[in-house]
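This report concerns only the one structure given below.
The values are calculated or read from the model by the stated rules, or taken from the named source; none is laboratory data. Since this is a predicted model, take the numbers as computed values, not measurements. All Cβ positions, even for glycine, are placed from backbone atoms using ideal geometry, and neighbour counts span all protein chains on display. These area figures cover heavy atoms from the full protein model, side chains too; ligands, DNA and RNA do not enter into them. Shrake-Rupley method; radii C 1.70, N 1.55, O 1.52, S 1.80 Å.
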Amino acid sequence: MFDTVASQVSALSFVDIFNFCVFLTFTICYTYQLFYVLVVLTRRAPKKVARANHRYAVMVAARNEETVIADLIHSIKVQNYPAGLIDIFVIADNCTDNTADVAREAGAIVFPRSNDKLVGKGYALDYGLKAIWEQYADRDYEAFFVFDADNVLDVNYFREMNATFDNGAKASTSYRNSKNFGSNWISAGYGVWFLREAKFLNQARLTLNTSCAVSGTGFFIAADILKAAGGWKWHLLTEDIEFSAASIIDGVRISYCPTAVLYDEQPITFRDSWNQRFRWAKGFYQVFAHYAGGLVKGTLTNPRGYRFACYDMLMTIAPGMLLSIISILFNTIIIVLAATGVMSTGVAIASSVTSVVFCLCNYIVFMFVFGVLTTFVEWDSIRTTTAKKIRYMFTFPFFMLTYIPIALIALVKKAAWKPIRHSISVDVAEFSEAEGVRLSSK
């Protein structure tokens, strides 16, 4: 029997062994996320109730957002929460339009900022935070919210997030929906991805009492965390993921509030989408380079109850897409060498062709299943027609396929912040009415 097994192993080509190792690595690293799906489908997220209302500052870093900034400010002003406990600060960052005037007229306190050397959201937030500490220290804000200028909030957003803060959360993210899901296949791709992240990652983490991850916008950080950090010290291209990784290493548990709903505007042109996701891909590489070691150490040495959060975040920032690309490139090289006559090992060539087809098909099928699952579970939350919901389930895998060249180019090309055009103005009352229907149906 041993001889039979040995002969079968020896018959495997180096290509078979390489491809099996890649498959095994993926299976070991990411199978736990299938358990997340099971948790969400079988268990309810815990419900928090507030005993007191707290005082908050809102920070919005805005660059040339005169078209949409007033909608966000209005949606904060009409919250089902004491208006006197929320102050809105807009950092008009290197603006060349009327963002500052529009925000001021809508009721925000505006800090104009002009700095072409320190460019990025993290630097703008640090500037605004320190200005608040200097000029409004007497207001004793207990936590700081961060939104993007194109967001609008459900009227109960602060009431729900206050319950999360009141129950001890030092940081929390929220449910991220889309203003323009139905615009086209690009905006729908984003929409499904963020809904999947909220429902099948952060809600599962919340239910299992492990740490969630902040995702760009719609979150708060407790004032004492920012004071201890000495300001907003996270300045990589994806400052949200950097904050999440650093916090989890330090044993800070990030929460999630599934009933606090934020609507986000998604890009509708492929150029804007490419630029944005290219910056994200580069930012994830940066975070991995800076924090992977600390997360590995935290997985082994953090107090019990905080180790898995380190592993989960490590898998979140790990370049899994890059591993897929390496596998595809490796097998493609084998095929090219065979086609040019440099290599003539038939078994290895057949394995390479099979592996490339399997890898691509497996990725498409996996993303299709997640797209279908997310769409049907969150059906009532998606603001578009039935026909578009069904159509975009089929385009979602191809949207995700476009990450492959983005991730590859991000390895070798520098990334710089580029503006994403926002132009969709919405009535927050319309969204809130629809959200009330969604929550009552659950």
Does the range 206-225 hold any residues that are open to solvent by 20 Å² or more (accessible area, probe 1.4 Å) and in a loop (DSSP other than H, G, I, E, B), and which are they?
-> L208, N209
Count - residues of the range 270-284 that are within 24 Å of G218 (Cβ to Cβ) and open to solvent by 50 Å² or more (accessible area, probe 1.4 Å) = 3
Out of all the residues in the range 233-243, is one or more farther than 28 Å from L85 by Cβ and open to solvent by less than 10 Å² (accessible area, probe 1.4 Å)?
-> yes
Number of the condition not met by I88 [criteria: (1) assigned to a helix (DSSP H, G or I); (2) β-branched (V, I, T); (3) surrounded by 13 or more Cβ atoms within 10 Å (Cβ to Cβ); (4) free of Cβ contacts under 8 Å to residues at least 40 places away in the same chain] = (1)
Does at least one position in the range 284-294 carry a residue that is part of a loop (DSSP other than H, G, I, E, B) and either farther than 20 Å from F26 by Cβ or among the acidic types (D, E) (or both)?
-> no
Would you pick out the residues in the range 103-134 that are among the acidic types (D, E) and more than 23 Å from the chain's Cα centre (by Cα)?
-> E105, D116, E134
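Only one residue in V78, V60 is within 30 Å of G230 (Cβ to Cβ) and either touching a residue at least 24 places away in the same chain (Cβ under 8 Å) or not acidic (D, E) (or both), so which one is that? Talk me through it step by step, then tell me what you get.
Numbers: V78 fails: within 30 Å of G230 (Cβ to Cβ).
Being within 30 Å of G230 (Cβ to Cβ) and either touching a residue at least 24 places away in the same chain (Cβ under 8 Å) or not acidic (D, E) (or both) holds for just one of V78, V60, which is V60.
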Over 18 Å from Y127 (Cα atoms), small (G, A, S) and either open to solvent by 40 Å² or more (accessible area, probe 1.4 Å) or within 22 Å of the chain's Cα centre (by Cα) (or both) - does that describe any residue in the range 59-79?
-> no
Scanning the range 91-113 for residues that are at pLDDT 95 or above and acidic (D, E), the one most open to solvent (accessible area, probe 1.4 Å) turns out to be E105
Can you tell me which residues in the range 378-410 are assigned to a helix (DSSP H, G or I) and open to solvent by 50 Å² or more (accessible area, probe 1.4 Å)?
-> W379, D380, T386, A387, K388, I390, R391, F394, F398, P405, L408, I409
